[in-house]
1. Taking springs between alpha-carbon atoms closer than 10 angstrom, which of B:Ser159, B:Ser64, B:Ser88 fluctuates most in the Gaussian network model of chain B?
2. Per-residue HN-Hα couplings for region A:161-170, Karplus 6.51 cos²θ - 1.76 cosθ + 1.60 at θ = phi - 60°, whole Hz, x for Gly and Pro?
3. Take B:Asp209, project a point 7 Å from its Cα along the Cβ direction, then tell me which residues of region B:176-197 have their backbone nitrogen under 17 Å from it.
4. Would you mind ranking A:Asp232, A:Asp209 so that the residue whose beta carbon has the fewest other beta carbons within 10 Å leads the list?
5. Starting from a Cα-only point model with no solvent, please compute log10 I(q)/I(0) by Debye for region B:171-302 at q = 0.12, 0.15, 0.17 1/Å.
6. Please list, in order, the residues from region B:49-82 whose amide nitrogen is less than 12 Å from a point placed 7 Å along the Cα→Cβ vector of B:Gln321.
7. Which semi-axis lengths, in whole Å and largest first, follow from the square roots of five times the eigenvalues of the Cα gyration tensor of region A:76-187?
8. Which of rounded, prolate, oblate describes region A:245-286, given a ≥ b ≥ c as roots of the alpha-carbon gyration tensor eigenvalues and a/c under 1.5 marking rounded, otherwise prolate only if a/b is larger than b/c?
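Read the figures in this text as sums done on the coordinates, not as results from a lab. Since the structure is predicted, the reported quantities are computational estimates derived from the model, not experimental observations. A quick note on method: Cβ atoms are made from the backbone with ideal geometry, for glycine too, and the neighbour counts reach across all protein chains shown.
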2 protein chains.
Amino acid sequence: MAVNNLSIVLAERPTGDIIPGTTFNQKITPAPTSADIKDGEVLVEALYLSLDPAMRGWLNDVRSYVPPVQIGETMRGASVCRVLASKSKQATVGDYVCGFTGWTQYAVLREGAFEPSSNYPGLREPKDMLSVLGMTGLTAWVGMTKIGEPKAGETVVVSGAAGATGSIAGQIAKINGARVIGIAGNDEKCKWLVEELGFDVALNYKDADFKEKFKEATPKYIDVYFDNVGGDILNMCLARAKEHARFVMCGGISQYNSTNPEGPSNISRVITMRIKMQGFIVFDHIKDYGKARQELSQWISEGKIKKTEHILPGGLQVAEQGLVDLYKGSNTGKLLVEVKNPNETPSKL
Amino acid sequence: MAVNNLSIVLAERPTGDIIPGTTFNQKITPAPTSADIKDGEVLVEALYLSLDPAMRGWLNDVRSYVPPVQIGETMRGASVCRVLASKSKQATVGDYVCGFTGWTQYAVLREGAFEPSSNYPGLREPKDMLSVLGMTGLTAWVGMTKIGEPKAGETVVVSGAAGATGSIAGQIAKINGARVIGIAGNDEKCKWLVEELGFDVALNYKDADFKEKFKEATPKYIDVYFDNVGGDILNMCLARAKEHARFVMCGGISQYNSTNPEGPSNISRVITMRIKMQGFIVFDHIKDYGKARQELSQWISEGKIKKTEHILPGGLQVAEQGLVDLYKGSNTGKLLVEVKNPNETPSKL
């Protein structure tokens, strides 16, 4: 008897906020079976699904670094999965692999479309494949190492600092000897950034005197700004930029759901302060993944990088609400949906 | 008997537009004489004064790449001058030199604060020291060569294309084999860009169907955008940027007089298209001036670069109105004030 496979598909494009129950639909199809896989393929079940700020952009019908998700198509997303059957030399039954399964329980992945666990040196837990050793940690590494290039004694500011990428980015800057200021959306996050992660300063952008505090915290101005949020905070950081500052343009979560996104009115500072403002997408840097994962693993084992995951139980059904909450800043660290607990018995398909 | 020295000094900081007669004052002092110069100094009379979009920014009391002009201080500006007396080995009486005299008729310049004509290989006319071989041409060279780096077959867009810097920047891109699209503010300028300077396309941004024409003119999107204007056109170019485009942030003339400058609402494209947006100030690149002037001179002699100056007669008195008109796009090519015609008899001080 065929096992049901739950997928979450795009029902209609949101204009502003994602509306659970309206933006996405649940879809049930028969799960693929071990009989369906061809040479070079694996049959997998998803354990954790990654929720990422970039996902809102994938729903817009505009030219971008990936094609928009189509109406009726399974929502795009990366999962860490368990291999249930394999015709690939890269993975055997019971292995963990990471791939763009989309928001679905069961999938067939072809070689090249998944990463075997051998790509993750020092892997301790399957969920690390999505967080510190996955897209999140790699994004932090690429942005900070290849664009920000912080030097000892420089001032580095990270917004969205308690988020999955920001928290790693700030710690990488610390490892490079910089003075690191994190910006986050509540006091607990700020406490965590300073007390657990070792940021020098953390500021709550919802505080009434946030801008004054920020000015006080940047007496020598900013050498590197790692931007995850855009909007007002980008503007403020432009105003505090030092000559030849590097602005690592990683995300703009404050604007993703806006129907009228605001640009930085301070953009003229790019000229007067000779700022290099550079956007990047981690997928362009695949050739660096090996080196990045090695460094990140090393830093984790040395206790120089600490990580946190915020795990939503409840399966794929909770993914859409989780994504909505992500834009409200609900999470500290990497936001994951537990599709299936790794300790449960593997499915039989 | 002392000769009068007319200077134009800052009377009050403008909040929006410069207001002739209010923003600046005329000031008469006794001219310096040959008795006033010390070893390493020259006494000069100004012939041409450079008017530049950047000047508006120098009037604002904000942190920038140069200190703001102070109230009561002579307005900052570069002139090409004739040497009337010299105690410097770098220049003899009758030589042309270029320096930041400010808006004044007569000045004493110290070595290091002026550039002797020997720094300008292939110099034909004194006014070239302010235009194609001066700050203007150097700005175009630095921005296009060191940041834009256009390659053969790439699409380059230049805004403010009929201005002093834009017109040279576009021609440098042509020399590099790029397809060059210029944006300017009237049909005569567009005609000049295509017919005289060899731009592939020139578009009048005041045309009702400008945005559609622009889209048609950039079917393969934009590899390099040389921005002199900011505002709407920057936004539009972000929307048409190709992956890994380089945005050379040179000026933002559309916003300089605005009390509410607008940022690019499209800034998220910096991320999705992995754009490098880099500001620069030509003064940071003094070590490249020699090479740049040699190349520019060579290109002029080969007919690959053509230049135009828009000269305002009438002496320093017309400088403030000239500056106001500059922001309205009155000029084609380099805007200069003729302080004194080089063919007139040298002053005796």
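1. Looking only at B:Ser159, B:Ser64, B:Ser88, the biggest GNM fluctuation is shown by B:Ser64.
2. 5, 8, x, 4, 7, x, 5, 6, 4, x
3. So the set is B:187.
4. A:Asp209, A:Asp232
5. Those come out to -0.54, -0.85, -1.08, one per q.
6. none
7. Values: eigenvalues 223, 42, 22 Å².
Semi-axis lengths for region A:76-187 are 33, 15, 11 Å.
8. Values: a/c = 3.54, a/b = 1.05, b/c = 3.38.
Oblate, since a/c reaches 1.5 and b/c is not below a/b.
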